[in-house]
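These notes are about the structure you will find just below.
The values are calculated or read from the model by the stated rules, or taken from the named source; none is laboratory data. Treat the numbers as computed from the prediction; the structure is a model and nothing was measured. Note that each Cβ is placed from the backbone with ideal geometry, even for glycine, and that neighbours are counted across all protein chains shown.
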Amino acid sequence: MGLPWRPLALCGVAHGKRASSSVPTGVRSFVPASSLIDACALERLQAFLSRATRLFVITGAGISTESGIPDYRSEGVGLYARTDRRPMQYAEFIRSARSRQRYWARNYLGWPQFSSHQPNPAHLALQRWEQQGKVHWLVTQNVDALHSMAGNQRLTELHGCSHRVLCLGCGAVSLREELQKRFKALNPEWGIQTDFVAPDGDVFIEDEQALHFRVPSCTDCGGILKPEVTFFGDTVNRGTVQFVHERLAESDAVLVAGSSLQVYSGYRFILAAVEQKIPVAILNIGPTRADHLAEFRVSARCGEVLSVLQLH
Ligand SMILES: [Zn+2]
């Protein structure tokens with residue numbers, strides 16, 4: 001059951017391989033540099049996975065960077081490091097029609113590229129794990145729909161999904177793709193060249209460029225339309241959190257994949273796991289908020305590791 005790259009050197013001796021070869025050139029700029037993969041940590045992860053019979057997985061932006069979606073927090077390549085722009089705050093979206101206009105104008109421009117991203121080997125591996133009965137539940141902090149596209153069904157999208165739209169008036173949920181057609185019909189002449197799309201599908205344009213963008217409202221009640229995602233400053237639905245806690249309590253191991261767990265909405269499940277004495281392993285490039293709570297951490301790209309681990 002040795003891993004493909006298992007070196008002949010003993011654990012504890014400097015060894016490993018550069019983890020840069022399997023990431024397509026086009027998306028490399030969004031994936032943080034990882035140091036040598038620690039083969040011992042990988043062996044531990046393999047053993048951890050083999051022991052687990054009801055695995056609870058939490059994923060974050062780090063699992064989607066290999067699909068070409070930048071994250072917010074990665075050192076050097078995350079959005080916070082590259083730009084001074086920050087995502088829309090919930091209160092600002094609710095309060096201001098001008099803010100919504102700006103938000104949707106940018107989201108409209110980013111949508112064709114954002115919606116075209118595809119699951120990568122890490123997503124596909126987790127789908128296989130579910131199919132083979134290893135994954136009890138998968139919780140993602142991502143809003144990119146890549147886990148559902150990969151076919152995972154035992155899935156909670158903790159922060160919602162940008163492929164769905166919610167009416168704040170009547171609660172109706174519709175497809176973001178349908179809204180794109182309405183945007184296009186209302187703004188036939190409107191278009192701006194842009195080439196940078198953020199993790200939530202946002203793009204960067206000057207505020208005045210959005211002034212003439214027309215935003216439709218709910219076809220049923222005329223209410224305000226919002227992506228069905230948890231904005232910064234918003235809270236995750238209590239029922240959803242409770243549901244996830246129940247799935248966690250049924251699990252016997254927790255794997256964090258591609259998240260620094262900086263946001264409390266995900267971190268709280270690690271706290272709960274530790275309280276229930278459920279072992280935690282972390283696969284992430286760079287430190288996380290929960291490193292001190294985990295049995296161990298592997299610093300490597302999700303795709304390279306998840307796709308080669310064996311299920312027993
Ligand atoms: Zn409505």
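For Leu179, which of the numbered conditions (1) under 22 Å from the mean Cα position of the chain (by Cα); (2) buried (at least 20 other Cβ atoms within 10 Å of the Cβ); (3) touching a residue at least 24 places away in the same chain (Cβ under 8 Å) fails to hold?
Going through (1) under 22 Å from the mean Cα position of the chain (by Cα); (2) buried (at least 20 other Cβ atoms within 10 Å of the Cβ); (3) touching a residue at least 24 places away in the same chain (Cβ under 8 Å) one by one, Leu179 breaks only (1).
Within the stretch 223-254, work out how many residues are without any contact (Cβ under 8 Å) to a residue 40 or more places away in the chain and under 21 Å from Ala52 (Cβ atoms).
So the answer is 3.
What residue, of Gly266, Gly286, is small (Gly, Ala, Ser) and either within 16 Å of the ligand (Cβ to nearest atom) or over 15 Å from the mean Cα position of the chain (by Cα) (or both)?
Values: Gly266 fails: either within 16 Å of the ligand (Cβ to nearest atom) or over 15 Å from the mean Cα position of the chain (by Cα) (or both).
Exactly one residue qualifies, and that residue is Gly286.
Of all the helices (runs of 4 or more DSSP H) wholly in the stretch 87-160, which have at least 3 residues that are over 16 Å from the mean Cα position of the chain (by Cα)?
On the way: elements: 90-95, 97-114, 121-131, 146-150.
Because the criterion is at least 3 residues that are over 16 Å from the mean Cα position of the chain (by Cα), the helices (runs of 4 or more DSSP H) in the stretch 87-160 that meet it are 90-95, 97-114, 121-131.
Of the numbered conditions (1) part of a helix (DSSP H, G or I); (2) modelled with pLDDT of 95 or more, Phe56 fails exactly one; give the number of that condition.
Just one mismatch for Phe56, condition (1).
For the stretch 208-248: of the residues being hydroxyl-bearing (Ser, Thr, Tyr) and surrounded by fewer than 16 Cβ atoms within 10 Å (Cβ to Cβ), which is farthest from the ligand (Cβ to nearest atom)? Outline the logic, then answer.
In the first step, residues of the stretch 208-248 are kept if they are hydroxyl-bearing (Ser, Thr, Tyr); the result is 217, 219, 230, 235, 240.
Remaining after also requiring surrounded by fewer than 16 Cβ atoms within 10 Å (Cβ to Cβ): 217, 219, 235.
Values: Ser217: 8, Thr219: 8, Thr235: 22 Å.
Out of the qualifying residues, it is Thr235.
State whether one or more residues within the stretch 274-288 are at pLDDT below 95, assigned to a helix (DSSP H, G or I) and of a type outside the set (A, V, I, L, M).
Looking for residues that are at pLDDT below 95, assigned to a helix (DSSP H, G or I) and of a type outside the set (A, V, I, L, M), one finds none in the stretch 274-288, hence no.
Part of a helix (DSSP H, G or I) and modelled with pLDDT under 65: which single residue out of Ser35, Ser74, Ser50, Ser29 fits that description?
Working: Ser35 fails: part of a helix (DSSP H, G or I); Ser74 fails: part of a helix (DSSP H, G or I); Ser50 fails: modelled with pLDDT under 65.
Within the list Ser35, Ser74, Ser50, Ser29, the selection yields Ser29.
Quick check: anything in the stretch 169-183 more than 16 Å from the ligand (Cβ to nearest atom), modelled with pLDDT of 90 or more and in a loop (DSSP other than H, G, I, E, B)?
Just the residues of the stretch 169-183 that are more than 16 Å from the ligand (Cβ to nearest atom), to begin with: 177, 180-181, 183.
Among the residues that remain, those that are also modelled with pLDDT of 90 or more are: 177, 180-181, 183.
With in a loop (DSSP other than H, G, I, E, B) added as a condition, the list becomes none.
Within the stretch 169-183, not a single residue is more than 16 Å from the ligand (Cβ to nearest atom), modelled with pLDDT of 90 or more and in a loop (DSSP other than H, G, I, E, B).
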